[in-house]
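Below is one structure, written out as structure tokens; the observations come after it.
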Amino acid sequence: MYQWDMSSSRDSQEISPAEQTQEPAHYIDINGLRKTFSNGTVVAVDDFNLDIEEDEFVVFLGPSGCGKTTTLRCISGLELPDEGEVILNGRDVTFDKPKDRDLAFVFQNITLFPHMTVRENIRFGLDMKTDLSKDEKKRKVEETAELLDIAETLDRQPTALSGGQQQRVSIGRAMVMEPTAFLLDEPFANLDANLRDRMQTEIKRLQRELGKSMIFVTHDQEEAMTLGDKIVIMEDGEIQQVGTPYEIYNQPKNLFIAKFIGSPSTNIFEGTAKINGEEIYIETDDFEVRLPNVRASEFAASNGDMVFLGIRPEYMHVVPKSEGIFNAEIDVKELHGEHDAIYFTVGETPFTVTEPQGQVQDTERVKGVDFDTDKIWLFNEREERIH
Amino acid sequence: MSTASRRAQLSVSDILYKLLFYSTLGMFLLMVLVPLILVISASFRPLVEIYATDVYLIPKEPTIQPWIDGYEDLKPNLLNSLYIATGTVTIALVVAIPGAYAYARTSFPWKKPLFYIIILSLLFPHVLLVIPITDLWYDFGLYNTLPGVWLGHQTFVVPFAIWIMRDFFQKMPSNLEEAAQIYGCTQWSAFVRVVLPLAKPAIIAVLFLAFLNGWNDFLFANMVTDSRGPQPAVVQLYQTINGGSGEATDWQLLMSESLIIGLPPVTLYLFARRYISEAFAVSAS
């Protein structure tokens, strides 16, 4: 299995222990960040705390308007926070000008300077910030272009390039500066799906090669899962959960994350907890299931508490009628990659089950539905996960 | 598909529409071209042919004497016109570029009402300003001076320039300046290195309009100057109407002078045309 704990595996390969001890505790430290707009009436980000290691690929994930971009802009200095601090490599840069932070920023819409050639665009930062000789700059620009496979476009105007090439130039303009960290604000959102997949792989490879932290903002959970070593899920300006893609997928902290991550999304049923001796049952309008592997004494809800039962589509199974936990009628069947997603409704509640392609025939509309009961999640009334 | 069968598909309303379209177009063309052609024709005629009774376009004995006389007549005033127009352009750009940028990118108290006041001043009839400004210019010692004419023109040119440039700056994505700031620019150097070069179309459009205004304006220039001061060519043209040999107007001279005065703006327009359409395009490229 792939080793997600990158810090341990990489440290042993590339950074000697002696070097590591000289590094600050964390490469990037963001403490208690708060940013409001319109004289404090709109809170974009609140109480944002995060540590990032030097070689980490961090993804800020959340629906639009959740404050992820604002946070990124505060880190870059394009916005100044109301409260909190941003510490880069041991240096407090909270109120430094963007140019003094040694960070690179790649924007969502392409921000190449249209009046300069690709070469001049990539060289821009070197011209502004360094005293390198002409030859040195030329060498750096050409190396970067080579790495990004845009060498042949160097003397063209940015408008003559395709969307993917333009965004490569943006990345090149960032890379050539050898910044402390890269900030990327939905850089591939405007690219078509195939190209986006390819760019994702490339940016990940690039991050591994450079060994520098990247903070990548996206609203696309699949993109986040593909790229992130560490995913930061945000909603309403607050961090909901920080974890590896595995943790986020398998152990969501609350109902929002459970629903937001995964496609098709997690099925949610409303019900009540029933405690009978040491056994725990969840009762909904349409069915009742027993929770295995948990004892009433360790259970975080009491008898009669309202709970949300969550279960991923892949842990539910379609079985012949009356052989499952309950029966439900098929609404539609869709192809989802190698799976069929089968959409059901039971009572008022819609839910989805995924099964290998072609395994379920929808000639008969009413089917039995079964669960892997050990994969059930429970959320309390405040939508926090309790099981 | 053959053209014949295509034509067969045209409905009556299509034909009517085309008819109306081209006849309107033709009418406007005639309205513009006929006087212009007559002016050109008259400017090459000797005086006897001006009052000829029969109608013809090509002069029977064409002469460039009116052009020579006209040029001699206007020479000092053309130079004044150039000074006036150039000064008007310079002041307008110096005031309007930073002003428009501030309106487009920064926030300050009373920003909106102040901007509407600027736009409102365009609606104000400028004729009404002529008397008070002339009076003030006397007091300030600006009467009969170049700066006096320059400043007088700004009452119209600056609001217009701010309006055009603000729209242009607003349409420019602010991410461009932000990118420049990330890669080593201050706000000021981002403005100089990125915003100004990209604002070229708007700047050229403003330059052209301000030049046109400075070059062609008669009202202000006539009021705040006299023959001892920097009187522009258009004012001299006005003298030509009343001048001549007493009773008769020198039409051939009047026409040649009109054309001489019109040439520099036309030339400038040919250069600026591309940028002007870009500046006024609905979406910024």
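Computed FRET efficiency, Cβ-Cβ of residue B:54 and residue B:15, R0 51 Å: what is it to the nearest 0.05?
The value I calculate is 0.80.
B plus A alone minus the pair: what accessible area, both sides summed, probe 1.4 Å, in Å² to 100?
Values: alone 17280 and 18710 Å², together 34220 Å².
Buried area (both sides, nearest 100 Å²): 1800 Å².
Quick one: which of B:18/B:60; A:35/A:134; A:230/A:367; B:18/B:200; B:111/B:200; A:259/A:333 span more than 32 angstrom between C-alpha atoms?
Check vs 32 Å cut-off fails for B:18/B:60; A:35/A:134; A:230/A:367; B:18/B:200.
Taking accessible area as the heavy-atom solvent-accessible surface of the protein chains with a 1.4 Å probe, which residues of region B:157-192 lose no less than 50 Å² upon going from the isolated chain to the full protein assembly?
Residues meeting the cut-off: B:175, B:176, B:178, B:182, B:183, B:184.
Pulled fully out, how much extra length does the chain show between residue B:222 and residue B:34, if you take 0.36 nm times their separation in residues and subtract their Cα-Cα distance?
Full-extension gain reported as 64.7 nm.
Modelled label-to-label distance, residue A:321 and residue B:121, 7 Å Cα→beta-carbon offset: nm?
If labels sit at residue A:321 and residue B:121, their model points lie 8.3 nm apart.
What is the extension gain from residue B:75 to residue B:135, computed as 0.36 nm multiplied by their sequence separation minus the C-alpha to C-alpha distance, in nm to one decimal?
On the way: separation 60, 0.36 × 60 = 21.60 nm, distance 2.91 nm.
Gain in length upon complete extension: 18.7 nm.
Under 16 Å between alpha carbons, and skipping anything fewer than 8 positions from residue A:99 in its own chain: which aspartates and glutamates qualify?
Output for residue A:99: A:79, A:127, A:131, A:178, B:177, B:178.
When a/c is below 1.5 the answer is rounded, else prolate if a/b is larger than b/c, else oblate, so apply that to region A:278-328 with a ≥ b ≥ c taken from the square roots of the Cα gyration tensor eigenvalues. Before the final figure, lay out the partial values.
Details: a/c = 2.14, a/b = 1.95, b/c = 1.10.
Judged from the Cα gyration tensor, region A:278-328 comes out prolate (a/c at least 1.5, a/b above b/c).
Enter the accessible area per residue of region B:1-121 (Å², integer; probe 1.4 Å; all protein chains in place).
Normalised by residue count, the accessible surface of region B:1-121 is 71 Å².
Please find the FRET efficiency linking residue A:38 to residue B:64, where r is the Cβ-Cβ separation and R0 is fixed at 60 Å, and quote it to the nearest 0.05.
Computed FRET efficiency for residue A:38 and residue B:64 comes out at 0.30.
Tell me which aspartates and glutamates have Cα within less than 20 Å of residue B:112's Cα, excluding those fewer than 8 residues away on the same chain?
Within the straight-line limit of under 20 Å, residue B:112 reaches these aspartates and glutamates: B:167.
The protein assembly as shown: D in µm²/s via Stokes-Einstein (Kirkwood Rh, Cα pairs, 20 °C, 1.002 mPa s)?
67
At residue B:90 and residue A:64, where each label point lies 7 Å from the Cα along Cα→Cβ, what is the point-to-point distance in nanometres?
4.9
Let me make sure I get this right: for region B:3-43, a, b and c are the square roots of the gyration tensor eigenvalues over alpha carbons, sorted descending. Under 1.5 in a/c it's rounded, otherwise prolate if a/b > b/c, else oblate. Which is it?
The shape class here is prolate.
Any chance you could look up the accessible area of residue B:121 with a 1.4 Å probe, heavy atoms only, rounded to 10 Å²?
Near enough 40 Å² of accessible area.
Non-local amide H neighbours of residue A:254 (under 5 Å, H modeled in plane, Pro and chain starts lacking H): which ones?
Answer set, sorted by chain and number: A:385.
Using every alpha carbon pair in chain A, what percent of pairs falls into each 20 Å bin from 0 up to the bin containing the largest distance?
With 20 Å bins starting at 0, P(r) equals 24, 47, 25, 4.
Within 10 Å, count the other beta carbons around each residue, average over each peptide in A:353-366, A:276-289, and list them highest first. Walk me through the numbers before you get to the answer.
On the way: A:353-366: 13.6, A:276-289: 15.2.
Top of the packing list down: A:276-289, A:353-366.
Quick one: divide the alpha-carbon radius of gyration of region B:85-185 by 2.2 N^0.38 Å and tell me what you get.
1.32
Can you give the alpha-carbon Rg of region A:267-379 over 2.2 N^0.38 Å, where N counts its residues?
In units of the 2.2 N^0.38 Å rule of thumb, it is 1.11.
If you average 1/r over all unlike Cα pairs in region A:173-233 and invert the result, what Kirkwood radius do you get in angstrom?
Its Kirkwood hydrodynamic radius stands at 12.1 Å.
Could you look at the protein assembly as shown and say what percent of its accessible area is carbon and sulfur, using a 1.4 Å probe and all protein chains?
About 56 percent, which is the carbon plus sulfur part of the accessible surface.
Can you tell me how chain B classifies by the Cα gyration tensor, rounded, prolate or oblate, using a/c under 1.5 as the rounded cut?
Because a/c hits 1.5 or more and a/b fails to exceed b/c, chain B counts as oblate.
Hey, got a sec? Which trypsin sites (Lys or Arg not before Pro) in region B:164-261 land in a DSSP loop and have at most 11 other Cβ atoms within 10 Å?
Here the trypsin sites (Lys or Arg not before Pro) that fit, given the DSSP loop and packing criteria, are B:228.
Between residue A:286 and residue A:336, what is 0.36 nm times their sequence separation minus the Cα-Cα distance? Round to one decimal in nm.
Gain on extension, residue A:286 to residue A:336, equals 15.3 nm.
How long are the three semi-axes of the equivalent ellipsoid for region B:34-138, computed from the Cα gyration tensor as the root of 5 times each eigenvalue, in whole Å, largest first? Provide the component values of the computation, followed by the final result.
Values: eigenvalues 442, 60, 50 Å².
Here the semi-axes work out to 47, 17, 16 Å.
Could you compute the FRET efficiency for residue A:329 and residue A:47, with r as their C-beta to C-beta distance and R0 at 30 Å, rounded to 0.05? All intermediate terms of the calculation are to be shown ahead of the outcome.
Numbers: r = 45 Å, r/R0 = 1.51.
With R0 = 30 Å, the Cβ-Cβ based efficiency is 0.10.
For region B:217-233, just list the computed ³J(HN,Hα) in residue order, Karplus coefficients 6.51, -1.76 and 1.60, θ = phi - 60°, integers in Hz, with x standing in for Gly and Pro.
Running phi through 6.51 cos²θ - 1.76 cosθ + 1.60 with θ = phi - 60° gives 5, 9, 4, 4, 4, 5, 7, 9, 9, 10, 5, 7, x, x, 7, x, 4 Hz.
Counting only heavy atoms of protein chains, what accessible area per residue, in Å², does chain A have with a probe of 1.4 Å?
Value returned for chain A: 46 Å² of accessible area per residue.
The values are calculated or read from the model by the stated rules, or taken from the named source; none is laboratory data. Note that the structure is a prediction, hence the values are computed from the model and not measured. Glycine gets a Cβ as well: all are built from the backbone with ideal geometry, and neighbour counts include every protein chain shown. Heavy atoms of the whole protein, side chains included, go into the accessibility calculation; ligands, DNA and RNA do not. Shrake-Rupley method; radii C 1.70, N 1.55, O 1.52, S 1.80 Å.
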